[in-house]
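Each remark here refers to the structure printed beneath this line.
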Amino acid sequence: MTHAQSIEELEPVLAMCRGGRVFELQEWVRAGRPVALPVDVSARFARRNPIRVASDAGFHTIVQILLEAGASVRHGNYVALEHSVSLRRADVAELLIEHGASVHDVSMRHVIETWDPAIVDIFISHGASLSVGAPIAWGLVHKIKPTLGLLKRLLPSEPALMRQADLALRFHAAEGNAKWVSLLLWAGADPWSNGPDRLDSDEPEWDDGSGPSAVDLAAMTGHLGVFLKKNVVDAPDLARPETFGVLVSACHALDADALSTLLARGYSPRLLPDRGSGAIQSLLYSMTWNFAQPAFLSAEASSGGVDSERARERMKMLHLLVASGGRWLPGEKAAIGDARKSLLKMKPAYTLEFLWILGRYQAARRTDVSELLRPPSMARLLGHEKDRALSLVAEVPEQLPDDHA
């Protein structure tokens with residue numbers, strides 16, 4: 001009989017397990033007495049599982065006797081193999097696997113978190129998945145440094161693991177962790193690969209290839225400096241057009257520093273398919289955000305028109321973008337209407353400055369700018385500055401110089 005009828009029936013076995021009384025336990029087993037919890041016992045008695053008690057006491061031989069007598073490697077929510085990992089007992093883990101425990105019953109994140117080289121190797125040699133739950137990414141995100149060595153060792157046979165290193169690089173880039181960015185670049189992670197930067201799922205399909213790159217995230221969060229000394233953003237890679245979009249990402253930062261840095265290194269909006277028009281549109285839209293005001297108050301009602309440090313910084317970014325070759329090419333009236341809605345929430349000076357920038361750098365078509373100002377709402381916004389606005393519109397070309405290029 002393997003399972004006891006009651007907890008009390010196991011008290012002698014538990015005493016033998018705690019005390020390492022091997023010979024007494026062998027006699028107990030030979031007599032056919034139980035070595036496992038009752039089948040239907042409550043989970044609150046899990047700590048009185050003989051396998052668990054023997055493992056906690058550190059007696060390998062006792063665990064072996066129990067297993068050979070038919071004790072289960074799992075009971076209810078208790079997984080003996082998971083427990084052995086927590087105890088960092090590679091010998092017990094190997095013993096449990098020999099007696100039917102499955103490595104798939106234990107998360108590889110847990111194995112990496114408790115890091116014991118022998119246990120890691122045991123799990124890998126017995127077919128544990130390094131894809132489900134992205135355990136390599138998990139270890140690297142949580143700065144478990146031996147995971148780097150494991151990654152380098154396994155990459156020749158499992159090159160897909162580099163996607164997990166790329167995720168970790170994106171995470172640390174967004175956090176501005178220069179040390180771990182350097183370590184992951186050394187390991188071969190791609191700073192331009194797109195994907196998630198957080199592990200929100202245990203599913204194997206955790207990375208679908210969408211999302212920003214590590215450089216994009218660093219530019220957005222004001223941490224582009226983690227890449228400046230690594231020859232990552234020294235100049236745009238013409239062989240990878242997808243990298244040019246980092247300019248757009250830089251427009252989401254709190255200040256213009258990242259954008260200025262990229263422009264100085266040759267990341268021109270001329271390289272973007274829309275010549276930076278989308279970024280300009282985004283900057284106009286985000287000028288109106290005012291986090292200091294309650295959400296239920298409109299910008300006009302609360303302040304008579306937005307004029308904030310954030311708005312001024314975004315106008316600076318817009319100016320930099322246009323001065324470096326950016327163009328406002330809305331293409332359809334809906335996009336022009338969106339730009340107008342943003343400007344109507346601003347002080348009139350923002351509309352005038354926008355018009356001046358477009359004329360100064362020949363960065364738009366006059367028909368689009370005229371449509372921007374056409375509705376009476378814009379005339380009311382500009383007030384006595386309307387004539388000044390019209391003179392600025394006259395500086396905008398009918399056609400861009402390169403329209404027929």
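Of the residues ALA90, ALA168, ALA189, which exhibits the maximal mean-square fluctuation in a Gaussian network model of the chain defined by a 10 Å Cα contact cut-off?
Comparing ALA90, ALA168, ALA189 in the GNM, the peak value goes to ALA90.
Quote the relative contact order of segment 132-196 in percent (integer), defining contacts as alpha-carbon pairs under 8 Å separated by 6+ residues.
In percent, rounded to a whole number, it is 33.
Say R0 is 25 Å: what FRET efficiency, to the nearest 0.05, do ASP56 and SER129 get from their beta-carbon distance?
For R0 = 25 Å, the calculated efficiency reads 0.35.
Could you state the principal axis extents of the C-alpha atoms in segment 1-105, from the largest down, to the nearest angstrom?
Taking the Cα atoms of segment 1-105, the three principal extents are 32, 29, 20 Å.
Residues of segment 323-353 with backbone nitrogen within less than 19 Å of a virtual label 7 Å along the Cα-to-Cβ line of GLU371, please, listed as ranges.
Within reach of a label on GLU371, which here means backbone N under 19 Å from a point 7 Å along Cα→Cβ, segment 323-353 contributes 327-344.
Along segment 113-127, what does the Karplus equation 6.51 cos²θ - 1.76 cosθ + 1.60 (θ = phi - 60°) give for ³J(HN,Hα), rounded to whole Hz, x for Gly and Pro?
Each residue's phi maps through the Karplus curve to give 4, 8, 3, 9, x, 5, 5, 4, 5, 4, 5, 5, 5, 9, x Hz.
Would you kindly state the longest site-free stretch of the chain, with sites defined as GluC sites (Glu not before Pro) in a DSSP loop (not H, G, I, E, B) surrounded by at most 14 other Cβ atoms within 10 Å?
Excluding the exposed sites themselves, the longest stretch runs over 1-204.
Would you check the chain for Lys pairs whose C-alpha atoms are within less than 30 Å, ignoring same-chain pairs closer than 8 in sequence, and give me the count?
Taking the chain as the scope, the lysine pair count is 26.
Mind telling me which of LEU247, LEU343, LEU217 comes out most flexible in a GNM of the chain, alpha-carbon contacts under 10 Å?
Result for the chain, Cα springs under 10 Å: LEU343 fluctuates most.
Which percent of the Cα-Cα distances in the chain go past 40 Å?
Cα-Cα pairs of the chain separated by over 40 Å account for 44 percent.
Using 1/(1 + (r/R0)^6) with R0 = 41 angstrom and r between the beta carbons of ASP121 and ASP257, what's the FRET efficiency to the nearest 0.05?
The calculated FRET efficiency here is 0.35.
Stretched out fully, how many nm does the piece from ASN231 to GLU332 gain, at 0.36 nm a residue minus the Cα gap?
Roughly 32.4 nm would be gained on extension.
Kirkwood hydrodynamic radius of segment 268-405 from all distinct Cα pairs, in Å?
15.2 Å
Just to be sure I follow the definition: excluding the sites themselves, where is the longest run in the chain that has none of the chymotrypsin sites (Phe, Trp or Tyr not before Pro) in a DSSP loop with at most 13 other Cβ atoms within 10 Å?
Maximal segment without exposed cleavage sites: 1-290.
Rounded to the nearest 0.05, what FRET efficiency is calculated for GLU158 and ARG198 with R0 set to 22 Å and r the Cβ-Cβ distance?
The value I calculate is 0.45.
Read-outs: derived from the displayed coordinates by stated rules, not from any lab. Quick caveat: nothing in here was measured; it's all calculated off a predicted structure. Positions of Cβ are generated from backbone atoms using ideal geometry, with glycine treated the same way; all protein chains shown enter the neighbour counts.
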